[in-house]
Amino acid sequence: MNAIAQQEVSRLQSILKYGYGLVPIMAGADKFTNLLTDWGHYVPTWMAGMLPFGPITFMMVVGVIEIVAGILVLTRTLFGAYLVSAWLTLIAITLISSGQYLDVAVRDLVMAIGAYGLARLTQVTDGSTKAALA
């Protein structure tokens, strides 16, 4: 790969890394303030009935997980990006199972694909799969 292409790949990787790192941190922090939305509404009724605590508390736990996932994307990008991809997919499946917020489920699936792309890009640029691709 030539130097210009390498520079563009590096730039793209940085954009994705900071996007998939900072957004989960911000969304996770908002689970404690509900400034963006009332997060408790996103817990499906079937799931709320199984929880040992209320939906608000559950979403705070989710918020902590999201903050940790975002930090992992920033510090251990390969692992963190795969984690965020899986997490977003699980959120989408949960929303689809509720029959509500299907637009958010579709958005989360697209974001999961992007996070997976970041993980693969990181694997390639870190040399983990360079030998396999040669």
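The values are calculated or read from the model by the stated rules, or taken from the named source; none is laboratory data. Since this is a predicted model, take the numbers as computed values, not measurements. Counting neighbours? That spans all protein chains shown, and the Cβs are built from the backbone with ideal geometry, glycine included.
What to note about this one:
- The one condition in (1) modelled with pLDDT of 95 or more; (2) of a type outside the set (V, I, T); (3) closer than 30 Å to M1 by Cα; (4) not in a helix (DSSP H, G or I) that G80 fails to fulfil: (4)
- The stretch 16-42 - residue that is more than 13 Å from L74 (Cβ to Cβ) and of a type in the set (V, I, T) and, of those, surrounded by the fewest Cβ atoms within 10 Å (Cβ to Cβ): T33
- Looking across the stretch 73-110 at every residue that is free of Cβ contacts under 8 Å to residues at least 24 places away in the same chain and under 18 Å from Q13 (Cβ atoms), the one that is nearest to the chain's Cα centre (by Cα) is identified as L83.
- Candidates L12, L35: the one that is part of a loop (DSSP other than H, G, I, E, B) and of a type outside the set (V, I, T) is L35.
- Every residue from the stretch 58-107 that is closer than 19 Å to L118 by Cβ and β-branched (V, I, T): I65, I67, V68, I71, V73, T75, T77, V84, T89, I91
- Residue list for the stretch 43-69, filter: outside any helix (DSSP H, G or I) and either surrounded by 12 or more Cβ atoms within 10 Å (Cβ to Cβ) or among the aromatic types (F, W, Y) (or both): V43, P44, L51, F53, G54
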